[in-house]
Each structure stands twice: as structure tokens, then as C-alpha cells.
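Reading through the C-alpha cells given below for one structure.
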Amino acid sequence: MSARHLRGVLDTSTVIMLPQLTEPTRLPAEPLITAVTLAELSVGPLVASTERERAERQAHVQQAEADFDPLPFDRAAARTFGRVAASLRRAGRKPAARAYDAMIAATALSNELPVFTCNPRDFEGIDGLEVVAVPFAEPAAAATEPGG
């Protein structure tokens, strides 16, 4: 087993799944998020299909804002994004379809940090990115809304 990372970027899936992580000790001692994750989380309440879902998603946004000071998508991240998009294209993946993930990866790479994710496949094909899979427990009731 490898030593615990000191710092690392949590992707959006990990931020959302924090309460369901089965091995939270896999997270870095100093977990970070990117401004892109905060932006992605901010979309959630606006596109929710039910009031309950909207409230849950808004709670994620507010918790992330309270718990983290996000890393910016700055000039270095923007330049790194070009390499990430090229890596994805070479791997046969469509960078536009993975734009949020690619921007999170670019921010992590430009800060020389690993990405901790509940969805490691989202980051496949990105050259040079260290991806740490974070196990989580599936919610007990997958369909919590009638007809959903």
C-alpha cells in the first residue's frame, strides 16, 4: 500500500460522494477542489428535475463552498488543457464531451497534483495524470423518486 498523499484534487464525483466513501483514508491529507468542480456543482440545482433533488444539489454546492478554497483555472491550467485535450483525442475520446473532467485534470496537472475520483474511467487517456480511485458505497435506494 502506498503512503498517503499530502495534497490532491478531489473531482466532482468525489465531492458529491464524500458521505458514501468506504475508505476515506485514501483521500489526501489536504483535499483540494478546482473552480471547475465548483462550477459543475453549481449547475446541478439549476437543472434538477424535482424539488428534493434541487435541495440536495444545492446542499452540495454550499458544503463545497464552505469546506474548500478552490484552485483556479488559471493561465497554467489553460495551457495544460491543450495537452489534456490532445491526449484525449489521441486516446480516441472526445475532449468536448469530457470538458469538465479535462479542465479538472489540467488544473491538477498544472499544480503537479493527483486527482482522486470515484469514476477513474472519466480520466482515462490523459497523459501524465496520476489518478487515485476512491471506493464508495452505492446508495441503498437508487430510485428515490417515484417513477424515477
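Nothing in this text is a laboratory measurement; each read-out follows from the coordinates by a stated rule. What you are looking at is a predicted structure, and each value in this text was computed from that prediction instead of being measured. We place every Cβ from the backbone using ideal geometry, glycine too, and count neighbours over all the protein chains shown.
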TODO: Please give the calculated 222 nm ellipticity per residue for the chain, where each DSSP H segment of at least 4 residues contributes -39500 (n - 2.57) and the sum is spread over every residue; nearest 500 deg cm²/dmol?
DONE: -13500 deg cm²/dmol
Task: DSSP-defined beta bridges in the chain - what % are antiparallel, rounded to 5 - done: 10 percent
- [ ] For residue 8, enumerate residues with amide H under 5 Å from its amide H, sequence gap 5+ or separate chain, H modeled in the peptide plane.
- [x] 30, 32
- [ ] Tabulate in residue order the Karplus-calculated ³J(HN,Hα) for the stretch 80-90, using 6.51 cos²θ - 1.76 cosθ + 1.60 with θ = phi - 60°, rounded to whole Hz; enter x for Gly and Pro.
- [x] 5, 4, x, 5, 5, 4, 5, 4, 4, 5, 4
- [ ] Hey, can you grab everything whose amide H is under 5 Å from the amide H of residue 71? Only 5+ residues off in sequence or another chain; H modelled, so Pro and N-termini drop out.
- [x] 33, 34, 35
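In terms of the ratio Rg/(2.2 N^0.38 Å) built on C-alpha atoms, what value belongs to the stretch 1-103? Display every interim value, and only then the final one.
Numbers: Rg = 15.3 Å, N = 103, 2.2 N^0.38 = 12.8 Å.
Compared with the compact-globule rule of thumb, the stretch 1-103 sits at 1.19.
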TODO: State, to one decimal in nm, how far the label point of residue 56 lies from the label point of residue 42, with both points 7 Å from Cα in the Cβ direction.
DONE: 2.3 nm
Open item on the list: I'd like the orientation of helix 35-47 relative to the chain: the angle between its Cα long axis and the longest Cα principal axis, in ° from 0 to 90, rounded to 10.
Closed with: 30 degrees
Task: Cα-centred dipole magnitude for the stretch 53-127, charges only on beta-carbon of K, R (+1) and D, E (-1), debye, nearest 20 - done: 580 debye
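Place the peptides 125-137, 8-20, 28-40 in order of packing, highest mean first, counting for every residue the other Cβ atoms within 10 Å and averaging per peptide.
8-20, 28-40, 125-137
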TODO: Quick one: which residues, 5 or more positions from residue 136 or on another chain, have an amide H under 5 Å from its amide H? H modelled 1.01 Å from N in the peptide plane, none for Pro or chain starts.
DONE: 22
Open item on the list: With 10 angstrom as the radius, rank 122, 67 by how many other C-beta atoms surround their C-beta, starting from the fewest.
Closed with: 67, 122
Open item on the list: Calculate the FRET efficiency for residue 6 and residue 76 from the Cβ-Cβ distance with a Förster distance of 25 Å, rounded to the nearest 0.05.
Closed with: 0.80
Open item on the list: Once you keep just the Cα pairs under 8 angstrom separated by 6 or more residues, what percentage relative contact order results for the stretch 34-148?
Closed with: 22 percent
TODO: Any chance you could give the angle, 0 to 90 degrees and rounded to 10, that helix 51-67 forms with the longest Cα principal axis of the chain?
DONE: 40 degrees
Open item on the list: Let me spell out the model: positive unit charges on the Cβ of Lys and Arg, negative unit charges on the Cβ of Asp and Glu, origin at the Cα centre of the chain. What dipole size does that give, in debye rounded to 20?
Closed with: 620 debye
Task: the stretch 1-81 - charge dipole about Cα centre, Lys and Arg +1 at Cβ, Asp and Glu -1, debye rounded to 20 - done: 240 debye
Task: Cβ-based charge dipole, the stretch 29-140, positive-most Cα from 46, 125, 110 - done: 125
Task: Under 15 Å, Cβ to Cβ, from residue 30 - net charge with Lys/Arg +1 and Asp/Glu -1 - done: 0
Task: Cα-based helix-to-principal-axis angle, 99-110 vs the chain, degrees rounded to 10 - done: 50 degrees
